[in-house]
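Undergrad: Just passing along the structure, written as structure tokens.
The values are calculated or read from the model by the stated rules, or taken from the named source; none is laboratory data. Predicted model, so just to flag it, every value in this text is computed and none were measured. Because the Cβ atoms are built from the backbone with ideal geometry, glycine has one as well, and the counts that use them run over all protein chains shown.
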Amino acid sequence: MPRFQLIPTPVLALLAAVPLLADPPAGAQWKPVFADDFQGTELDAAKWEKVGDGKRRGAWWLRKNAFLDGKGNLVVRSTLEDGKYGCGGLRTRGKFRHAFGYYEIRCRVPRQPGTWAAFWLYDAAQGRIGNGGRDGAEIDIFESPWLGKNRYNIAVHWDGYGKDHKSWSRAIEAPGLDDDFHVFGLLWTPEEYVFYYDGKEVARTSQGGVCQVPLYIKVTTEIGDWAGDIKRAELPDDFIVDWVRVWDRVAEPAAKHCLLYTSDAADDLLCVDLGGRRLIKKKTHLHT
């Protein structure tokens, strides 16, 4: 006969709200703590705010340049209008800040020179100086400035952006980067950062001291010379995001302990575990 296990209603609701489209690293149990797969046509204002309007590097962050396409995607568009270059993005500032866990995005990077996409974690605490990155950092899970070269950048920045600024970075080889959607991930533990591309580890570091304070998420595009000459771009150009996910590691359950004692009256051995279950076994009598 088939056996069925009842799943509590809150768990069913959570599973329904967070489609299982991605997998955190194996070897641990995980629970989702943030998710958006950008369904519908209106941005979830309980999770995100748009960046802008304001000057950003060689362009402008414009609120209108980040929107949902009604097909399950976030679109962050780079534009040229009235002689002004525009880009944009989202952030969870004031809505979701988190320390540690596994962070992941599935997206397709821009395809024109002069603009790049980024998925990163940040907080103003990054500007604190004197304790390395432990009291605040910028963590770039991916940046895509190198069009057509099948590689992207990962980085950690700490101690502000002035004369005390320090950083660590790596260029990651990424076959097929410009061709399709890919998944970029970060496992952030109290001891290190581990970076992933399409489910495979590509780098790890603890340079500067691992950040121990909560950060918020940013999903953005930028325009600047790092990505090439924007004047050569055929605009508009889109950064397309399928989903963003954050998981927390579930603590390992406490080991079960078995308390054994002998009851002379009942002539039993009683085993009780700390979960409240009881198992009684009769003694075996030896006759001589």
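Undergrad: Would you check which residues across the range 53-80 are assigned to a loop (DSSP other than H, G, I, E, B), free of Cβ contacts under 8 Å to residues at least 40 places away in the same chain and crowded, with 19+ Cβ neighbours inside 10 Å and list them?
TA: Leu62
Undergrad: I've got another one for you. With the condition kept exactly as written, say whether any residue in the range 81-101 is among the aliphatic types (A, V, I, L, M), part of a loop (DSSP other than H, G, I, E, B) and modelled with pLDDT of 95 or more. Break it down stepwise before answering.
TA: Just the residues of the range 81-101 that are among the aliphatic types (A, V, I, L, M), to begin with: 90, 99.
Checking the rest, the ones that are also part of a loop (DSSP other than H, G, I, E, B) come to 99.
With modelled with pLDDT of 95 or more added as a condition, the list becomes 99.
Within the range 81-101, one or more residues are among the aliphatic types (A, V, I, L, M), part of a loop (DSSP other than H, G, I, E, B) and modelled with pLDDT of 95 or more.
Undergrad: Do you know which residues across the range 211-228 are under 15 Å from Gly127 (Cα atoms), touching a Lys or Arg at 6+ places or on another chain (Cβ under 7 Å) and part of a loop (DSSP other than H, G, I, E, B)?
TA: In the first step, residues of the range 211-228 are kept if they are under 15 Å from Gly127 (Cα atoms); the result is 211-216.
Filter once more, so that each one left must be touching a Lys or Arg at 6+ places or on another chain (Cβ under 7 Å): 211-212, 214-216.
Answer for the range 211-228, where residues must be under 15 Å from Gly127 (Cα atoms), touching a Lys or Arg at 6+ places or on another chain (Cβ under 7 Å) and part of a loop (DSSP other than H, G, I, E, B): Cys211, Gln212, Pro214.
Undergrad: Suppose the filter is more than 30 Å from Gln39 (Cβ to Cβ), surrounded by fewer than 17 Cβ atoms within 10 Å (Cβ to Cβ), out of contact with any Cys (no Cβ under 8 Å at 6 or more places or on another chain) and at pLDDT below 95; does Glu191 pass it?
TA: Taking the combined requirement at face value, the residue does not satisfy it.
Undergrad: Output yes when any residue across the range 109-124 is at pLDDT 95 or above, over 23 Å from Asp225 (Cβ atoms), surrounded by fewer than 17 Cβ atoms within 10 Å (Cβ to Cβ) and not hydroxyl-bearing (Ser, Thr, Tyr), and no when none is.
TA: Looking through the range 109-124, at least one residue is at pLDDT 95 or above, over 23 Å from Asp225 (Cβ atoms), surrounded by fewer than 17 Cβ atoms within 10 Å (Cβ to Cβ) and not hydroxyl-bearing (Ser, Thr, Tyr).
Undergrad: So, in the range 96-128, exactly how many residues are in contact with a Lys or Arg (Cβ under 6 Å, 6 or more places away or on another chain) and among the charged types (D, E, K, R)?
TA: Filtering the range 96-128 down to residues in contact with a Lys or Arg (Cβ under 6 Å, 6 or more places away or on another chain) leaves 104, 113, 120, 122.
Pick out the ones that are also among the charged types (D, E, K, R) and you get 104.
Qualifying residue count for the region: 1.
Undergrad: Count, please, the residues in the range 44-86 that happen to be within 17 Å of Phe119 (Cβ to Cβ), touching a Pro at 6+ places or on another chain (Cβ under 9 Å) and hydrophobic (A, V, I, L, M, F, W, C).
TA: Of the residues in the range 44-86, 1 are within 17 Å of Phe119 (Cβ to Cβ), touching a Pro at 6+ places or on another chain (Cβ under 9 Å) and hydrophobic (A, V, I, L, M, F, W, C).
Undergrad: Within the range 143-179, which residues are assigned to a loop (DSSP other than H, G, I, E, B) and more than 24 Å from Ile230 (Cβ to Cβ)?
TA: Asp159, Gly160, Gly162, Lys163, Asp164, His165, Pro175, Gly176
Undergrad: Collect the residues in the range 84-99 that are on the phi > 0 side of the Ramachandran plot and surrounded by fewer than 18 Cβ atoms within 10 Å (Cβ to Cβ), keeping them in residue-number order.
TA: Correct list: Gly94 only.
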